[in-house]
1. For W195, are the conditions met, namely being within 16 Å of the ligand (Cβ to nearest atom) and assigned to a loop (DSSP other than H, G, I, E, B)?
2. Enumerate the pairs (first residue in the range 215-239 and more than 21 Å from P141 (Cα to Cα); second residue anywhere and acidic (D, E) and not in a helix (DSSP H, G or I)) with beta-carbon separation below 8 Å, excluding pairs fewer than 6 apart on the same chain, so at least 6 apart or on different chains.
3. Inside the range 57-69, can you point out the residues that are closer than 16 Å to N377 by Cα and out of contact with any helix residue (DSSP H, G or I) (no Cβ under 9 Å at 6 or more places or on another chain)?
4. Can you tell me which residue among L133, L155 is within 29 Å of V395 (Cβ to Cβ) and either open to solvent by less than 10 Å² (accessible area, probe 1.4 Å) or hydroxyl-bearing (S, T, Y) (or both)?
5. What is the one condition in (1) open to solvent by 40 Å² or more (accessible area, probe 1.4 Å); (2) in contact with a Gly (Cβ under 8 Å, 6 or more places away or on another chain) that D316 does not satisfy?
6. Can you pull out the residues in the range 161-174 that are open to solvent by 20 Å² or more (accessible area, probe 1.4 Å), part of a helix (DSSP H, G or I) and touching a residue at least 40 places away in the same chain (Cβ under 8 Å)?
7. Being over 16 Å from A93 (Cβ atoms), basic (K, R) and within 26 Å of the chain's Cα centre (by Cα) narrows it down to one of K218, K225, so name that one.
8. Sort out which residues of the range 341-385 are open to solvent by 10 Å² or more (accessible area, probe 1.4 Å) and either assigned to a loop (DSSP other than H, G, I, E, B) or under 18 Å from K481 (Cα atoms) (or both), and write them in order of number.
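The values are calculated or read from the model by the stated rules, or taken from the named source; none is laboratory data. Just so we're clear, the structure is a prediction, and the values are computed from it rather than from any experiment. Note that each Cβ is placed from the backbone with ideal geometry, even for glycine, and that neighbours are counted across all protein chains shown. To get the accessible areas, we keep the full protein, side chains included, count just its heavy atoms, and leave off ligands, DNA and RNA. Shrake-Rupley method; radii C 1.70, N 1.55, O 1.52, S 1.80 Å.
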Amino acid sequence: MKKTILSLIAGCIALTATAQTKITLNTDLAKTKINKHIYGHFAEHLGRCIYGGMYVGEGNTKIPNIAGVRNDVIQALKELKVPNLRWPGGCFADAYQWKDGIGPKEKRPKMVNVWWGGVTEDNSFGTHDFLDLCERIGAEPYLAGNVGSGSVKDLADWVSYVNQPTGSPMSDLRIQNGRQKPWNVKIWGVGNEAWGCGGNMTPEYYANIYRQYATFMKDITPESKLYKVASGASSDDFNWTETLMKNIPHNMMSALALHHYSVLSWRETKGPSVGFNEATYFKTMEEAWKMEDFVTKHSTIMDKYDPEKKVDLIVDEWGGWYETDAEGKGALYQQNTMRDAMIAGLTLNIFNNHADRVRGANLAQIVNVLQAVILTNEEKMLLTPTFHVMKMYNVHQDATLVPMSIESPTYEFNGKKLTAINSSASKDASGALNISLTNIDYRKSHEVTINLRGEDFSKVSGQILASANISDHNTFEQPNKVSIKDFSGAKLEKGVLKLTIPAYSVVVLNLKK
Ligand code: AHR
């Protein structure tokens with residue numbers, strides 16, 4: 001009898017203990033920079049991302065705009081501190097003829113968007129429109145070149161058009177089209193998903209094609225030294241990474257890409273974006289957590305060929321993907337709920353913690369497509385829960401990663417378990433410490449104890465994104481239902497920080513000396 005009571009007490013203690021999250025932060029060991037480009041975005045000619053989304057046309061008198069791009073979108077993207085913006089695709093990139101998108105708009109030929117709904121586009125949003133937009137919002141452009149259906153010459157010409165100051169046929173053409181100064185575009189994708197919509201190539205074949213294209217993409221001035229990104233693997237295609245690392249000389253490749261979407265299934269239903277059940281939620285979280293495994297394994301392969309970590313890993317497509325046919329075939333419009341906030345918080349912590357190899361990423365996509373940060377409807381615009389997470393996490397951009405050890409409780413569903421809490425931390429240029437925490441648990445809040453080793457801090461403040469229901473989201477009628485709130489629940493005493501993080505919430509804490 002005595003033994004039973006004792007073991008019951010021990011069981012209770014164990015239960016309490018597993019519900020505790022223990023984090024140790026080694027602030028004195030911080031050394032790796034979290035590249036701001038991890039917080040990049042992606043705009044494809046797809047559904048209402050460009051046309052009818054960010055770009056409403058120069059002649060639009062109903063929606064205030066600068067050069068056809070909505071003012072409210074420009075304002076929001078500035079606020080978000082978008083470090084880089086990838087364009088024009090995606091799959092679209094390997095069908096795009098950039099020369100059809102320059103010069104007088106009324107003379108531009110039309111094109112059919114073969115990848116996304118077969119819609120006809122008038123090429124009114126082209127190179128100048130995109131690069132001027134990037135200048136306006138202070139983002140570095142990331143141009144994805146057409147390898148699948150283009151030519152080496154076309155891509156080399158695009159580089160010359162945007163980067164050659166004067167004296168080449170392409171720079172003359174740019175100047176004739178109204179832009180004197182080059183834009184000095186550094187980040188270039190050499191194709192996209194070459195294993196699929198980019199040409200259904202084998203990795204061996206693509207590695208050779210990459211070498212050919214990259215050879216003719218020239219560094220024209222010191223200000224425009226190219227950063228070339230090889231089309232990377234999908235999720236767990238480790239052979240793709242291995243073959244490219246083996247067959248492409250590393251001095252020809254600045255980065256290798258990786259794509260991973262949190263999708264329930266590519267073959268069966270992807271489930272609704274709102275009104276999902278816990279089983280669906282759990283599965284989405286399982287898919288999101290796979291990013292940790294994929295990034296670790298692709299990095300390990302890269303380490304084998306590049307132990308000095310000269311080639312970056314760029315996750316240039318990530319996010320949640322649900323059933324998206326509400327706006328017709330190929331539009332990929334979906335709502336964005338607290339579930340998406342969980343994907344964002346979890347994934348960005350993973351990227352931060354792998355900052356020694358992951359030096360860029362692009363959320364798919366920026367407006368009205370997949371896990372968008374902005375949704376628009378005619379004159380109306382709203383910021384999604386994902387926007388708010390990315391904004392809260394901005395404090396990590398170009399800050400120094402603080403190594404952490406973490407013991408987290410698990411979130412259990414139907415006998416399966418996931419780590420409930422993940423976190424990352426960084427020190428910024430002013431010496432402040434920022435800690436981001438995501439609790440994906442559908443049911444439970446968790447107590448968190450953070451031991452601060454190495455440096456003393458005296459003040460703590462915080463922000464939280466939380467909502468009553470996991471499928472809460474912002475609508476055009478209620479655009480601020482989910483929004484950032486101040487969080488004063490963290491207590492700091494003698495180098496130990498304590499807080500309780502609610503179920504499905506994201507918290508970012510700021511500590512000062
Ligand atoms: O982001 C939507 C699509 O997903 C992209 O066009 C493609 O690269 C990926 O398959």
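1. On the way: within 16 Å of the ligand (Cβ to nearest atom): yes; assigned to a loop (DSSP other than H, G, I, E, B): yes.
The answer is yes for W195.
2. Close Cβ pairs (under 8 Å, with a partner that is acidic (D, E) and not in a helix (DSSP H, G or I)) amount to S234/E193.
3. G57, N60, T61, K62
4. L133
5. (1)
6. Filtering the range 161-174 for residues open to solvent by 20 Å² or more (accessible area, probe 1.4 Å) gives 164-167, 169-170, 172-173.
Within this subset, residues satisfying the condition of being part of a helix (DSSP H, G or I) are 169-170, 172-173.
Scanning the range 161-174 gives a single hit, L173.
7. Values: K218 fails: within 26 Å of the chain's Cα centre (by Cα).
Result of the check over K218, K225: K225.
8. At the first step, the residues of the range 341-385 found to be open to solvent by 10 Å² or more (accessible area, probe 1.4 Å) are 353-354, 356, 359, 377-381, 383.
Within the range 341-385, H354, D356, N377, E378, E379, K380, M381, L383 meet the criteria.
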